[in-house]
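The values are calculated or read from the model by the stated rules, or taken from the named source; none is laboratory data. This structure is a prediction, so every number in the text was calculated from the model and none was measured. For neighbour counting, all protein chains shown are included, and Cβ atoms are generated from backbone atoms with ideal geometry for every residue, glycine included. Areas reflect the complete protein model, heavy atoms only, side chains present, ligands, DNA and RNA absent. Shrake-Rupley method; radii C 1.70, N 1.55, O 1.52, S 1.80 Å.
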Amino acid sequence: MSLWSRISDALAALTSGEGLGAMFDKLRKPPELTVGFAIAVIALGAKMAKADGLVTRNEVTAFREVFAIPQADERSAARVFNLAREDVAGFEDYARKIATMFEADSAVLTDLMDGLFHIAVADGEYHPAEDAFLERVAEIFGMSKREFAALRARNVPDADPDPYTVLGVDPAMSLAEIRKVWRRLVVETHPDRMMARGVPEEAVQLAQTRLIAINKAWEEIEAHHGS
């Protein structure tokens, strides 16, 4: 059964009057976590679109920056988006439930934030309201300001992002210490690791963008120390 069929089944299981927030209380164990991850990204993406006022943009196009969505399954993705957009619950309520769903697994919450950043920049513009939205979500997820800065540096187009910010390291750290951080990030970014912690196979393309950014940052730092 495809991810999108499982999402349709999960939506059908909602009782009358239940919002998407109820699903985050139910999808807390494998293999349901992959469904929870997808719904979390789409639901928070819908709230973010509402926050920046761009509720009319093509949500399926934006979500294709994160997920491989067959044309036949576009309706399921759009339904999640519309349910979240119309839900009276605020994005902070969603974020708290999602943080609980993944039990403070910082790696999968980082994956989720990467997905939201992909959606934010899908239309070629990173809006200040999106930045404020994502910073607040990261705060609810328990991320530090440095971790959020690293996510932003990796995902928001910039002509010359600071490599230390991209890796989330202090420039005063030794090259050996920075290498350890870089290696940890590379391991965490492996598609098999991502799927093991709940990221659906349809979304592991997130790994490619992240890996390019962290490897480029490491190469720049290594070259700087060697010069």
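Of everything in segment 9-48 that's β-branched (Val, Ile, Thr) and in contact with a Phe, Trp or Tyr (Cβ under 9 Å, 6 or more places away or on another chain), which residue is farthest from Phe117 (Cα to Cα)?
Ile39
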In the set Ala68, Ala10, which member is at pLDDT 80 or above, open to solvent by 10 Å² or more (accessible area, probe 1.4 Å) and assigned to a loop (DSSP other than H, G, I, E, B)?
Ala68
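May I ask you to verify whether Ala223 is modelled with pLDDT of 90 or more, open to solvent by less than 30 Å² (accessible area, probe 1.4 Å) and not acidic (Asp, Glu)? Working first, answer last.
Numbers: modelled with pLDDT of 90 or more: yes; open to solvent by less than 30 Å² (accessible area, probe 1.4 Å): no; not acidic (Asp, Glu): yes.
Spelling it out, it is not the case that Ala223 is modelled with pLDDT of 90 or more, open to solvent by less than 30 Å² (accessible area, probe 1.4 Å) and not acidic (Asp, Glu).
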Considering every residue within segment 37-57, establish whether at least one is farther than 27 Å from Ser144 by Cβ, small (Gly, Ala, Ser) and at pLDDT below 80.
yes
Among the numbered criteria (1) of a type in the set (S, T, N, Q); (2) crowded, with 16+ Cβ neighbours inside 10 Å; (3) closer than 17 Å to His118 by Cβ, which single criterion is violated by Gln208?
(2)
So the check is Cβ under 7 Å with 6+ separation or different chains; which pairs have a first residue in segment 1-25 that's closer than 17 Å to Pro200 by Cβ and a second one that's among the acidic types (Asp, Glu) and open to solvent by 50 Å² or more (accessible area, probe 1.4 Å)?
Leu3/Glu202
